[in-house]
Every structure is written in C-alpha cells, then in structure tokens.
1. Assuming 0.36 nm per residue, please report the length gained on full extension of the stretch residue 26 to residue 290 beyond their Cα-Cα distance.
2. Given a Förster radius of 35 Å and the C-beta distance between residue 179 and residue 255 as r, what FRET efficiency does 1/(1 + (r/R0)^6) yield to the nearest 0.05?
3. How far apart, in nm, are the 7 Å Cα→Cβ label points at residue 147 and residue 195?
4. Gain in length, residue 13 to residue 187, computed as 0.36 nm per residue apart minus the alpha-carbon separation, to one decimal in nm?
5. Would you calculate the convex hull of the Cα atoms in region 180-336 and tell me its volume per residue in Å³?
6. What is the order of 60, 38, 292, fewest Cβ neighbours within 10 Å to most?
7. Over all directions, the average projected area of the alpha-carbon convex hull for region 138-243 comes to how many nm²?
8. Take the Cα of residue 130, step 7 Å along the line toward its Cβ, and report every residue of region 143-184 whose backbone nitrogen sits under 16 Å from that point.
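Since every read-out is calculated from the coordinates, none of them should be taken as a lab result. As the structure is a prediction and not an experimental result, all values here were calculated from the model. No Cβ is skipped: glycine too gets one built from the backbone with ideal geometry, and neighbour counts run over all protein chains shown.
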C-alpha cells in the first residue's frame, strides 16, 4: 500500500499565518479600535457597516476576520464572503458576486436565539474599486441591510466615495509602535526557539516602519540556523531591493541619468520591486538628502504617483521621474 502523504498546512510554513490573531483580544496596538468594536458587539444585531482604513500590514483584515469569527461563531466561514477588490475592481464583481451573496437570506427553521440574522461581506482594498463599482454598492448596501453587513478595508480613505463613508462607522488604524512590534517579534522568536539579537529586531522595525506583516516575513527570512543577527537582517533587506533605491536616487540627483535608469530596470525586473513600491520608498528616502527645496520633490513624486495610478506605462514614467530628479539635482543637491 502507498503511504498517505501528510497534508501541509500553509499556516505551519508561513509565520505570518501561523501567528495571525484568531480573536480581537490578540490584536496588538489598536486598543481603542478593539474597545470600540467590542462596544458595538454588545448588540450584534444592531452592528453597523464598518470601514477600516490605514497603511498596509497593521491588522485591518485580521481584525475584520476576527470580528466575523466572534459574531458568527463556528459557521463564520460559510456566512462570510471575503473579496480582494484590487483583483476584481469593476461593476461586474459587484453585480455578480457581492449582490448574489448579499441577496441570499440566511434561513433556518430552528434558528436559535444566539444565531446572527446576517452575513458579512469583507471587501479588502476597497479603495482600488472603480467609482462606478462603489456607486453600485450604495443600492446593495441599502437593499441588503437586514441580511448583510459590509466591512470595507482600504489604505486610502480619500479613495472611498462619500456615500459609502457616510453609511459606515469609520475606524482609522495606526501603525504598530516600535515597542509593540518588537515585543511581538520577541514572542515569535521564543515560540520558534530562535536565538535573537534585539538590535536586529529594531533593524526590522526601521525597515518596515510599523508594517507588522512585512516584519514577520523579514524575521522568518532572516532566521538562519535558529539565529537572528543584525547581519542576517541586513542581508534580507538588501536582497529586497529597497537599499538599491537610495543608490538610484543619488545617481539621478547627480544627473547620471543613464546609470540610474539601468539600475532602475534591474530593480524592477531582477529584484521584482513594483513601481508603486519604488515611489513609496523613494518618498521615504529622498528627504534624507541635502535638497534645498523639498516641496519641488514632493510635487514631483505626487505627479508621477498620480500618473501611475491612472495606468501610465511604469518604465517610461519612472525613467522620466529620474530625469526630473536630475534637473532638481543640478540646482539644489550637494553630495555629502
């Protein structure tokens, strides 16, 4: 007889899943939000639609899943629809998947007193939805209010249309503090029996800037042979390509356009850094340079971020961005 292969659970491989909180009490650094949600849960039948906003990796989606689990109980998966709106941005997704799920009334002849009379729809990255799709959701929210609760999750609240915001209770999530993040990484290290250098954990925070999900991924990648050192963290960070962005910016400011462009292409196609991540990290690093008029740089980054968000060709736009930096560099930049 053939031996049966044991199924491998992804949560046993990826620490970010293995240590994902299962209930609201395990969520870190969002104490006021958790307190507010627990107050709403005192009367779950009157739970409003919710809108979670904040930067990536700080617990928005996890909080939504914990909330669904605690309100809906053991059948929470069957009664919860989780969609990533960045994958399906248009009105077709709203009309087909969301409307269909929302229109199915949960019927039960033996409905118990504690059974919740609604389902939950979690729309992750809702700010990536088109305005037409968001507008179509307005009617669905109203028509299905007796059977469905919506939880919208976004990075940028300004990209959510006002009619949806007004129909939701808005919770603004903050970045995880250095104390809370390092404390949680220490907890993981002890669980995994990792010998760690606390300076390495602070190095991870410095790199991720409060993004807990990214911090856990870096931690797992940097733990070799059961040890975590600052050198290991630096090696992991270096291979991610972020450190190369500083070099590209410096070359551009020094008006070495061809060199900066070649390294940009290497970053995009060899290291796999996305164009949006490039601008995000550039925005973080560029102000560390000696630039006399930083408002010009802010305007420049905003302009090219807007172009990319509207579908312009990434390689052409980022090359033009570097060329514009070269013009600024001639006037304002002094190499340290």
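1. Working: separation 264, 0.36 × 264 = 95.04 nm, distance 4.28 nm.
Gain in length upon complete extension: 90.8 nm.
2. For R0 = 35 Å, the calculated efficiency reads 0.25.
3. The answer from the label model is 6.0 nm.
4. 60.9 nm
5. 123 Å³
6. Values: 60 26, 38 13, 292 10.
Ranking 60, 38, 292 by Cβ neighbours within 10 Å, fewest first, gives 292, 38, 60.
7. Result: 9.4 nm².
8. It comes to 161, nothing else.
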